[in-house]
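Okay, so here's the structure we're looking at.
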Amino acid sequence: MAAHLSYLMSKLQTLSTSDHSSVVSMNLFVALLLACIVIGHLLEENRWVNESITALLIGVCTGIVILLISRGKSSHLLVFSEDLFFIYVLPPIIFNAGFQVKKKQFFVNFITIVMFGAIGTLISFCIISLGATQIFKKLDIGSLEIGDYLAIGAIFAATDSVCTLQVLNQDETPLLYSLVFGEGVVNDATSVVLFNAIQSFDLTHIDSRIALHFMGNFLYLFFTSTMLGVFAGLLSAYIIKKLYFGRHSTDREVALMMLMAYLSYILAELFYLSGILTVFFCGIVMSHYTWHNVTESSRVTTKHAFATLSFVAEIFIFLYVGMDALDIEKWRFVSDSPGTSVAVSSILLGLLMLGRAAFVFPLSFLSNLAKKNPYEKISLRQQVIIWWAGLMRGAVSIALAYNQFTRSGHTQLRPNAILITSTITVVLFSTVVFGLMTKPLIRFLVPHSKQTTSMVLSEPNTPKSIIVPLLGQDSEGDLGSQEVRRPASIRDLLTTPTHTVHRYWRKFDNAFMRPVFGGRGFVPFVPGSPTERNNTQWQ
């Protein structure tokens, strides 16, 4: 009996020590997040440093301190988990991006964005995979299977849309922001879908049937994920508009929007779809329909709540990446051959630069052919910025690399350790070096004072505006009198496809969608409803 009691006491003491260590780690991590916010604010006007780089550098410095205190045993406070990243940290970032994005710029350039994000990612994926297959076999890094080489292509084809938010300004360079950031979101989704498809297929015997099945699976995931996000956004709008759910409660309205957005992401993951695409389009639809159906206080609350969650998640990601860069266990495997690790990292950097250049400039040329207005065309200087800004790699690449080459964040194989450390090196180098140079490059190539006003499509920042519908039409008062002009000829339709689609969408949106799902000017007046105060304000 005494022995049994002693055993229980020892177990409780062990649990207590473990819980205490977790509390200490969380306290330190929260303190570091606060330090990142304060220092980032002080450096806000700096032309070189942004908050992502600040958090990354603080993470590296913290990792060095922890490494010294632990005598080389560990460099981070938390163990990296792909589930932590994909299930909890990434969703608020992507959702807020869709919720806040300038929809007029995004949809006017939608064809170009999809070309860059989908077709461009496939081109980059092919170049990186083929280059890695040919070059890595000549290096002494161990045996890798064909699935590993394809996974490398998907990992390094994923740009860092989070860092893009920091280095590009939506108001100063709206065209560049919409193209680079929109491409980044579609690119992340495409890379994740590619990565999942690679893991689900037997790639030892590739033939035409498997290739067709692969492409069909890719298109299915892409389309289904988008439709799920649109459905979730429309469902939230319909619930609030028809039921006036929580008409007197900001808490209920905000909770409904948050939970519906998160549910769309979790459902996408549950059905093995792309949660990134789902939650991004859910954010776009919510900002167009749902956001206009809630009370004024709910609008202010949701805008700042979503932005705050996204902001903290971004800092968390870069802070952890900085600490994880010094994980001694992974570097121990490559300590005997540092030249090989440097060579692999350099080759990967060269391949991702080549892969990006291989689609940015040709696809920009094709995009310009379809645009008659010279101010809507992508100039060579803008193409250089798009190429450069998309070279940054971030947490998505690291998460995919951990998923492919580690088990629970650890690895015991030398080839896997080399690829993990090389991924970390590429992420650090691209974020710091390319990130530091992006702002000066933009100011040098595209001075803000020289930008023509016609190139900037003036749309109030969504969801600040309550009068601008999905594709950036004119004010509500003008909508009723606008007639959708039919294209005069097939040539008109081919030369201005986006504008033609926009005109037809406006007619469809005003006639069918907004009367059903709500939106500014299409929510019926009911005493005590969310639109009571707004109707009197805009009369």
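The values are calculated or read from the model by the stated rules, or taken from the named source; none is laboratory data. All of these numbers come straight from a predicted model, not from anything done at the bench. Note that each Cβ is placed from the backbone with ideal geometry, even for glycine, and that neighbours are counted across all protein chains shown. For the accessible areas, the whole protein counts, side chains as well, though only heavy atoms, and no ligand, DNA or RNA atoms are used. Shrake-Rupley method; radii C 1.70, N 1.55, O 1.52, S 1.80 Å.
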ask   = Do we find that Phe365 is under 25 Å from the mean Cα position of the chain (by Cα), closer than 20 Å to Ile119 by Cα, without any contact (Cβ under 8 Å) to a residue 40 or more places away in the chain and open to solvent by 30 Å² or more (accessible area, probe 1.4 Å) in this structure?
value = no
key: Which listed residue, of Ala357, Ala370, Ala325, is within 20 Å of Val427 (Cα to Cα), of a type outside the set (Ser, Thr, Tyr) and open to solvent by 20 Å² or more (accessible area, probe 1.4 Å)   = Ala357
request  = Give the range 66-114 a look and list any residue that's modelled with pLDDT under 85, open to solvent by 40 Å² or more (accessible area, probe 1.4 Å) and of a type in the set (Val, Ile, Thr), or say none.
outcome  = Ile69, Val79
message = Just to be sure before I move on: is Val285 touching a Leu at 6+ places or on another chain (Cβ under 8 Å), open to solvent by 10 Å² or more (accessible area, probe 1.4 Å) and modelled with pLDDT of 90 or more in the structure I sent?
response = yes
ask   = Are any residues in the range 134-146 in contact (Cβ under 8 Å) with a residue 12 or more places away in the chain, outside any loop (DSSP other than H, G, I, E, B) and open to solvent by 20 Å² or more (accessible area, probe 1.4 Å), and if so, which ones?
value = Ile135, Ile146
ask   = Tell me, which helices (runs of 4 or more DSSP H) lie completely within the range 352-440 with 2 or more residues that are in contact with a helix residue (DSSP H, G or I) (Cβ under 9 Å, 6 or more places away or on another chain) and modelled with pLDDT under 85?
value = 395-405, 414-429
inquiry  = If I filter the range 21-54 down to residues being modelled with pLDDT under 85 and aliphatic (A, V, I, L, M), which single residue comes out as nearest to the chain's Cα centre (by Cα)?
reply    = Ile53
task = Write out, first by first residue and then by second, each pair whose Cβ atoms fall under 8 Å of each other, whose residues are 6+ apart or on separate chains, and whose first residue, in the range 296-313, is closer than 16 Å to Leu33 by Cα while the second is open to solvent by less than 60 Å² (accessible area, probe 1.4 Å) and among the β-branched types (Val, Ile, Thr).
result = Ser310/Ile93; Ala313/Val89; Ala313/Ile93
Criterion violated by Phe271 - all others in (1) more than 18 Å from the chain's Cα centre (by Cα); (2) surrounded by 24 or more Cβ atoms within 10 Å (Cβ to Cβ); (3) of a type outside the set (Lys, Arg) satisfied = (2)
ask   = Which of the residues belonging to the range 257-268 are open to solvent by 10 Å² or more (accessible area, probe 1.4 Å) and closer than 15 Å to Phe99 by Cα?
value = Met258, Leu259, Met260, Tyr262
ask   = Would it be correct to say that Thr159 is part of a loop (DSSP other than H, G, I, E, B) and at pLDDT 80 or above?
value = yes
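Yes/no per residue for (1) at pLDDT 80 or above; (2) open to solvent by 10 Å² or more (accessible area, probe 1.4 Å):
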site: Thr190; (1), (2): yes, no
site: Ala211; (1), (2): no, yes
site: Met215; (1), (2): no, yes
site: Thr224; (1), (2): yes, yes
site: Leu234; (1), (2): yes, yes
site: Ile239; (1), (2): yes, yes
site: Arg247; (1), (2): no, yes
site: Asp251; (1), (2): yes, yes
